[in-house]
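The structure appears below as structure tokens.
The values are calculated or read from the model by the stated rules, or taken from the named source; none is laboratory data. These figures come from a predicted structure and were not determined experimentally. Because the Cβ atoms are built from the backbone with ideal geometry, glycine has one as well, and the counts that use them run over all protein chains shown. Just the protein is used for accessible areas: all its heavy atoms, side chains included, with ligands, DNA and RNA removed. Shrake-Rupley method; radii C 1.70, N 1.55, O 1.52, S 1.80 Å.
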Amino acid sequence: MRVYLDHNATTPMRPEALEAMLPHLRGRFGNANSIHGWGREARQALEGAREVIASALGARERDSVVFVSSGTEADNLALKGAAWAAMARGRHVVTTAVEHHAVINSCRSLEEQGFDVTYVSVDGDGLIDPEAVERSLRAETTVVSTMHANNETGVIFPLADIGGLARDRGVVFHTDAVQTFGRMAIDVESLGVDLLSLSGHKIYGPKGVGALYVRPGTRMVPLVHGGQQERGRRPGTENVAAAVGLARAVELALASMEDEAERVRLLRDRLEEGILQRIEGTRRNGHRERRLPNTSNISFQGTDDESLILALDLEGIAVAAGAACTSGSLEPSHVLRAMGRHPEIDGGAIRFSLGAGTTEAEIDRVLGLLPGLVERIRAAQGRPQPAPAYR
Ligand code: PLP
């Protein structure tokens, strides 16, 4: 039995999403910018997809959704586009220390261009304090970017509170909702976000497509230049099939969202509690409640990420490390480091992310195998067995 517990990395495409795409890759191949029948057909499909996504976000205007190639591109467009557009007013950006690299490295690139960036840290549970965000705001702050849920721990940030702060000061507020869109209800109005990034392949849609929600009136300059596609915000002939596939995946995700969240929460808790109870020297990373229901990040004292992942992989079980780890390195993820975790003390950290296909039998298989695997790794590494009091 192969067990895939890496849904925060990517998900299998829903057959319905693929079916929805196929006609646009075959006969309906028109360019959505052409004015003839083929073009109009493509335009209609594209705008229909846009409508689905706008309505899933609670956006008032369909045109506030800009299709892009990925969550990464959406983050880059949001950060750089908004920071550049407001450059005359100020060059200070606020974000968090635990963002995805699409945001962190967009900020680093802004720093190279002379912007100043504040990386607000998190507490031991991975939570952010809106007051810390408030304290970091300056007169010259133009953009605040805080993720909706962390991809490594699943911890959910209090966006509405941060959005309120940004709005009071006339600062553009961006959120990376790549891990939450399609998994929990999102309403751009109540969250107070001006820019929101999402991605197709995390929600059983196609890879290589994402979108950026742009609140009407938000100033943002494009990253690429060309024609007037996406109203000049993202030039390039639109990928109609991918947009249609994404929209179909969104419709299906919304239809089953609450039931599915509850189903995976029960399985996740079964897995997490099973591990914490059966294996000494283990510890949950991330707040117990304020978390995505599908995600569990656990440290295993006396081990390292790579050994754990490879041992599980040999058994046909796919999980992820906190971050992409270099071979043999115990370098912790920037997220876990910000939470005060140290690999020398806490050991390897594994992210288990469950999804639509996850079953109880799969969870029990992992629970059956893991204690033995961890024991073997600990013995091979000659590390002292953890004290029972560790937890
Ligand atoms: N932001 C977060 C929080 C993510 O988890 C990911 C994907 O891992 C991305 C952005 C990047 O999305 P994409 O893979 O579509 O570029």
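Among the numbered criteria (1) touching a residue at least 40 places away in the same chain (Cβ under 8 Å); (2) out of contact with any His (no Cβ under 7 Å at 6 or more places or on another chain); (3) hydrophobic (A, V, I, L, M, F, W, C), which single criterion is violated by A78?
For A78, the exception is condition (2).
Can you tell which of I35, I53 is β-branched (V, I, T), open to solvent by 80 Å² or more (accessible area, probe 1.4 Å) and at pLDDT 95 or above?
The conditions single out I35.
If you take the residues in the range 56-91 that are open to solvent by 20 Å² or more (accessible area, probe 1.4 Å), assigned to a helix (DSSP H, G or I) and of a type outside the set (S, T, Y), which one is nearest to the ligand (Cβ to nearest atom)?
Looking at the filtered set, the residue picked out is E73.
Search the range 341-359 for residues that are without any contact (Cβ under 8 Å) to a residue 40 or more places away in the chain and pair each with any residue that is buried (at least 21 other Cβ atoms within 10 Å of the Cβ) when their beta-carbon atoms are under 6 Å apart and the residues are at least 6 apart or on different chains.
Once the first residue is without any contact (Cβ under 8 Å) to a residue 40 or more places away in the chain and sits in the range 341-359, its partners that are buried (at least 21 other Cβ atoms within 10 Å of the Cβ) give P343/P332.
Using beta carbons and a limit of 9 Å, which pairs, at least six apart or on different chains, have the first residue in the range 105-120 and closer than 25 Å to M339 by Cα and the second one modelled with pLDDT under 95?
Every condition considered, no pair remains.
Among the candidates G205, G192, which residue alone is open to solvent by less than 10 Å² (accessible area, probe 1.4 Å) and touching a residue at least 40 places away in the same chain (Cβ under 8 Å)?
Answer to the check: G205.
Condition (residue is surrounded by fewer than 22 Cβ atoms within 10 Å (Cβ to Cβ) and on the phi > 0 side of the Ramachandran plot) applied to the range 340-348: is it met by at least one residue?
Within the range 340-348, one or more residues are surrounded by fewer than 22 Cβ atoms within 10 Å (Cβ to Cβ) and on the phi > 0 side of the Ramachandran plot.
Going residue by residue through the range 305-312, is there one that turns out to be closer than 18 Å to G126 by Cα and modelled with pLDDT under 95?
No, that holds for no residue.
Yes/no per residue for (1) without any contact (Cβ under 8 Å) to a residue 12 or more places away in the chain; (2) more than 23 Å from the chain's Cα centre (by Cα); (3) not assigned by TED's automatic domain parsing to the domain that holds F352:
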{"site": "L223", "(1), (2), (3)": "no, no, yes"}
{"site": "Q229", "(1), (2), (3)": "no, yes, yes"}
{"site": "E280", "(1), (2), (3)": "no, yes, no"}
{"site": "E289", "(1), (2), (3)": "yes, no, no"}
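Are any of the residues in the range 116-137 on the phi < 0 side of the Ramachandran plot, more than 16 Å from the ligand (Cβ to nearest atom), buried (at least 22 other Cβ atoms within 10 Å of the Cβ) and not aliphatic (A, V, I, L, M)?
No, there is no match, as no residue in the range 116-137 is on the phi < 0 side of the Ramachandran plot, more than 16 Å from the ligand (Cβ to nearest atom), buried (at least 22 other Cβ atoms within 10 Å of the Cβ) and not aliphatic (A, V, I, L, M).
State all residues of the range 256-283 that are open to solvent by less than 10 Å² (accessible area, probe 1.4 Å) and of a type in the set (S, T, N, Q); if no residue qualifies, say none.
Listed by number, the list holds a single entry, T282.
May I ask you to say which residue of A253, A177, A211, A249 is crowded, with 19+ Cβ neighbours inside 10 Å, under 30 Å from W84 (Cα atoms), touching a residue at least 60 places away in the same chain (Cβ under 8 Å) and within 16 Å of the ligand (Cβ to nearest atom)?
A211
Quick check on my filter: what residues within the range 1-41 are hydrophobic (A, V, I, L, M, F, W, C) and either in contact with an Asp or Glu (Cβ under 8 Å, 6 or more places away or on another chain) or closer than 18 Å to G200 by Cβ (or both)?
M1, V3, L5, A9, M13, A17, L18, A20, M21, L22, L25, A32
Taking the range 138-153, which residues are assigned to a loop (DSSP other than H, G, I, E, B) and within 16 Å of the ligand (Cβ to nearest atom)?
T146, M147, H148, N150, N151, E152, T153
Residues of the range 135-163 being of a type in the set (G, A, S), in contact with a strand residue (DSSP E or B) (Cβ under 9 Å, 6 or more places away or on another chain) and over 20 Å from R89 (Cβ atoms), which ones?
Selection gives A149, G154.
Would you mind telling me which numbered condition in (1) within 30 Å of V319 (Cα to Cα); (2) in a loop (DSSP other than H, G, I, E, B) Y119 fails?
(2)
Does A45 qualify as being more than 27 Å from T141 (Cβ to Cβ), in a loop (DSSP other than H, G, I, E, B), aliphatic (A, V, I, L, M) and open to solvent by less than 30 Å² (accessible area, probe 1.4 Å)?
no
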